[in-house]
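> Structure below; questions to follow.
The values are calculated or read from the model by the stated rules, or taken from the named source; none is laboratory data. Model, not experiment: these values are computed from the prediction. Here Cβ is always computed from backbone atoms with ideal geometry, including for glycine, and neighbour counts include all displayed protein chains. Each accessible area value is taken on the protein alone, full model and side chains, heavy atoms only, with ligands, DNA and RNA left out. Shrake-Rupley method; radii C 1.70, N 1.55, O 1.52, S 1.80 Å.
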Amino acid sequence: MIIDTHAHLDFPDYKTDLESVLSRAKDADVNCIINVGTSLASSKKSVTLANRFHNIYASIGIHPHDASKVSEQDWQALESLITEPKVIAVGETGLDYYRNRSPHEDQQRIFHKHLTLAKNHNLPVIIHCREASDDCLKILDEHRNGVFKGVVHCFSGTVEVAKKCIELGLYVSFAGPITFSNANTLREVAKSVPVERLLLETDCPFLSPQPKRGERNEPAYLSFIIPVLANVYGLSVQDIKRITTFNAYKLFGIGEAGHDGKIAYAIRNSLYINLTNRCTNVCDFCMRETYPIVKGHHLGIKKEPTAEEVLEAIGDPGGYDEVVFCGYGEPTERLDVLIPVARFLKSKGKRIRLDTNGHGDLIHGRPIMQELKGLVDTICISLNADTADKYKEICKPVFGERTYPALIQFIKDAKQVIPSVQVSIVDMPGVDVEKCERIARELGVDFRVRKYNVLG
C-alpha cells in the first residue's frame, strides 16, 4: 500500500475523469489518499469526497493565499467540519511570502488559528511554507507545548530548516520537484531528513514529476517519485513504500499499522532474522521495549520461533545478497535455533552476518565461537564504550562487572575464526569515538560508528 498524503482531487482538473484517476491510483498501489482543503468551499468538497470514496480522507483548512478573506463566519463554518468522521487533519495552512496574496499579518493570524484548532482536537497539521521559514518556525515553536504534530508538505527549504522541523517533531514530504533533473540541492536536503519522518505526496494537480512534467499530476504518479527517494536514502522501492505507509499511519491514523512482530524482514537486498526480543543489555539508546520498529517493520514478536518457523518465514532466500541475524533482541540467546538455520542457509550458498552484543559466552557459560565457525561470514559486535565503567553506565548489562572483559575476549576469539569482524559504537554523548577506534585497531578488527537513533 502507498499513501498520497496531499492531493486536491476536488479541483476542476478532475471534474470529468475522477473515477479513472482513482482506478489508475489503485493500479499503482496507491490505496489511500488525503484530499487537502485550501478554502472553506474546498474543505467542504474534501469532506464530500471522503464520504463518497472509502479510500479518501479529508483535511480541512484555508490556504495562506486567502488568509485576508476569512471572515469569522467562514472560520466558524470551517470549525464545524472538524467533527466529520473522515476528517483526519487540519490544513493546508501556513505562510507564503513568495506570492504574498495576503498580508503577512493576516497569514500569521490564520496560521495560529489553524494550529490551535488542530491541538484542541488532537489532529495533525498540514503545513505550507514558501519563503517564510523564519516566521513559520517561530510560530510552530510557540505551539510546540502540548499536543502538536504535523507535516511540512512539498518541502523546499534548506537542510537547516529541515533539521529544525524534525526537532519540532514534524514530518516532511517532497512532491514532484524532487525528481527534476536540476533538483540536486533538494535531493541533498531530502537526504538530511530521517526516512522515519518522510511522507509521500503528489500535491496534484500541481508539480508533476519529471517524466510527466507539464501534464496534470495525479496520485498514480507517486510511482515516479518513490524510486528517486529510494536512491536518495540508499533503500529499495519496497522499503520506501513500507516506511512511508507506516509513517502515515503514525501521523494520520490511516493505512496499515503492521503490529504483528516479524520473524524475517527485508531491508534493501538483505534479509534479517529476528529470533528473540530478549537481551542481556538495557542500553540507553535502545528502543526495544518502547518502540520496536525498524524501517517500518514491527519486531515485537509475541512468541519466540522454532527453527522450523524461522525457515518457513524465510521461504526462498535466493534473491538476497546476505542474511543477517539481527532483531531487537540478542540473537545468541537462541543459539539452538541460530545454528541450524545458519547451517541451512549456508547449504544454499548464502552469506551470513551476525549482529551481536558479544555476550554469547556469558549467556551460555562457555566459549561459543567455535560453534559459529564456518557458519558466519561477518560478525558485527557492539563495543559501545572504551571502558568497563562507561559500558556499564550506557548498556547496563545483566552480567555486571564481568561483561566488558568478556566482550573484549569475545572479539579476540571472533578474530580467530570469523572471516570478517567489525566492532561498532553508537555516536552519542559520552562515547569517546577516538578511544573506541583505537581499541578496534589494537584488536585488529574493523570499526564502525552508528548514528544515534538511526536503525536498519
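> GluC sites (Glu not before Pro) within segment 283-345: which are DSSP loop residues with at most 12 other Cβ atoms inside 10 Å? Before the final figure, lay out each step's value.
Working: sites: 289, 308, 309, 312, 322, 333; in loops: 289.
Those that pass, being in a loop and sparsely packed, are 289.
> Taking loop as defined by DSSP and a crowding limit of 14 other beta carbons within 10 Å, which trypsin sites (Lys or Arg not before Pro) in segment 1-64 fit? The partial results should precede the final answer.
Working: sites: 15, 24, 26, 44, 45, 52; in loops: 15.
Counting only loop positions with at most 14 other Cβ atoms within 10 Å, the trypsin sites (Lys or Arg not before Pro) in segment 1-64 are 15.
> Hey, another quick one. Restricting to DSSP loop positions (anything but H, G, I, E, B) with no more than 14 other Cβ atoms inside 10 Å of their own Cβ, which trypsin sites (Lys or Arg not before Pro) remain in segment 338-433?
348, 373
> Grab the beta carbon distance between residue 438 and residue 181, set R0 = 51 Å, and tell me the FRET efficiency rounded to 0.05.
Plugging the Cβ-Cβ distance into 1/(1 + (r/R0)^6) gives 0.70.
> Students often forget the sequence filter, so: which aspartates and glutamates lie under 19 Å Cα-Cα from residue 212 once same-chain residues fewer than 8 apart are removed?
4, 13, 17, 27, 29, 201, 203
> Let me ask something else. Taking only Cα atoms, what is the 0 to 90° angle, nearest 10, from helix 403-417's long axis to the longest principal axis of the chain?
In the chain, helix 403-417 runs at an angle near 80 degrees to the longest axis.
> Separate question: Suppose every K and R has +1 on its Cβ and every D and E has -1 on its Cβ; what is the size of the dipole of the chain about the Cα centre, in Debye to the nearest 20?
Using Cβ point charges on Lys, Arg, Asp and Glu, the chain gives about 580 debye.
> Something else about it: In percent, what relative contact order does the chain have, based on Cα pairs under 8 Å that are 6 or more apart in sequence?
Here the relative contact order equals 10 percent.
> Accessible area of residue 426, 1.4 Å probe, to the nearest 10 Å²?
Accessible area, nearest 10 Å²: 10 Å².
> If the chain between residue 284 and residue 393 were fully stretched, how many nm would it gain, using 0.36 nm times the residue separation less the Cα-Cα distance?
So the chain would gain 38.4 nm between residue 284 and residue 393.
> Among all the aspartates and glutamates, which ones have a C-alpha under 13 Å from residue 451's C-alpha, if same-chain residues fewer than 8 places away are not counted?
Within the straight-line limit of under 13 Å, residue 451 reaches these aspartates and glutamates: 427.
> Quote the accessible area belonging to residue 443 in square angstrom, nearest 10, computed with a 1.4 Å probe and with ligands, DNA and RNA left uncounted.
Residue 443 has an accessible surface of roughly 40 Å² with all protein chains in place.
> Net charge near residue 277, counting Lys/Arg +1 and Asp/Glu -1 over other residues with Cβ under 13 Å of its Cβ?
Neighbour charge sum, excluding residue 277 itself: +2.
> Separate question: Where only protein heavy atoms count, and the probe is 1.4 Å, what is the accessible area per residue for the chain in Å²? If you can, show how the numbers build up before the last one.
Working: 19850 Å² over 456 residues.
In whole numbers, the chain has 44 Å² accessible per residue.
> FRET efficiency for residue 316 and residue 417, Cβ-Cβ distance as r, R0 = 41 Å, nearest 0.05?
Efficiency, rounded to the nearest 0.05: 0.90.
> Tell me the angle of helix 222-233 to the major Cα principal axis of the chain, expressed in degrees between 0 and 90 and rounded to the nearest ten.
40 degrees
> Could you give the length gained on full extension between residue 18 and residue 373, defined as 0.36 nm per residue of separation minus the Cα-Cα distance, in nm?
121.7 nm
> Can you tell me how segment 274-421 classifies by the Cα gyration tensor, rounded, prolate or oblate, using a/c under 1.5 as the rounded cut?
On the way: a/c = 1.92, a/b = 1.28, b/c = 1.50.
Oblate shape, in that a/c is at least 1.5 and b/c is the bigger or equal ratio.
> Let me ask something else about it. Could you work out how far helix 18-27 tilts from the main Cα principal axis of the chain, as a 0 to 90 degree angle to the nearest 10?
Rounded to the nearest ten degrees, it is 10.
> Considering the dipole of the chain built from charges on the beta carbon (Lys and Arg +1, Asp and Glu -1) around the Cα centre, which of 173, 48, 143 is farthest to its positive end?
173
> When only C-alpha pairs under 8 Å and at least 6 residues apart count, what is the relative contact order of segment 5-111, in percent?
24 percent
> Then there is this: Cut-off under 16 Å on the C-alpha distance; same-chain residues fewer than 8 positions from residue 303 excluded. Which lysines are left, in chain and number order?
262
> So, one more: Would you mind checking which residues have amide H under 5 Å from residue 267's amide H? H placed 1.01 Å from N; only 5 or more apart, or other chain.
272
> If you don't mind, another one. Rounded, prolate or oblate, given the Cα gyration tensor of segment 267-356, with a/c below 1.5 counting as rounded?
prolate
> With the cut-off at 1.5 for a/c, could you classify segment 390-456 from its C-alpha gyration tensor as rounded, prolate or oblate? Kindly include the intermediate steps, with their values, before the conclusion.
Details: a/c = 1.68, a/b = 1.16, b/c = 1.45.
Here segment 390-456 falls in the oblate category.
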